[in-house]
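Below is one structure; the comments refer to it alone.
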Amino acid sequence: MISQSKIFAGGNVLAKVTFQTSDHELRKEQKPITFRATNGNGQIGRLVVSKGGLRWYPGKSTKNHHFLSWEALDKKLPDIAKQSS
């Protein structure tokens, strides 16, 4: 299943997000859920969601990424939410 959505701010499209998934549990790294974010200039990056956590591959990178475990995400989100408001 492939889905698309658009992220808006002030009436302007900031990015188009495409994701592909199937019905399965996140058991292995071989079957993650992947979100691709693009804008008018091309690919912004790719977010890979797996059992172990999140991986962000900036731009078109296939090797360099930032990893965040679910535990680390749980600790950091309150601070990120405060910065956004």
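Every number here is computed from the coordinates shown, using simple stated rules; none is lab data. Quantities reported herein were computed from a predicted structural model and do not represent experimental measurements. Methodologically, a virtual Cβ is constructed for each residue, glycine included, from the backbone with ideal geometry; neighbour enumeration extends over all protein chains shown.
Numbers for the structure displayed
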| quantity | calculated |
| --- | --- |
| Residues that are closer than 18 Å to residue 17 by Cα and in a loop (DSSP other than H, G, I, E, B), drawn from the stretch 33-61 | 40, 41, 59, 60, 61 |
| Pairs, first among the β-branched types (Val, Ile, Thr) in the stretch 49-64, second part of a strand (DSSP E or B), C-beta under 7 Å, six or more apart | 49/33 |
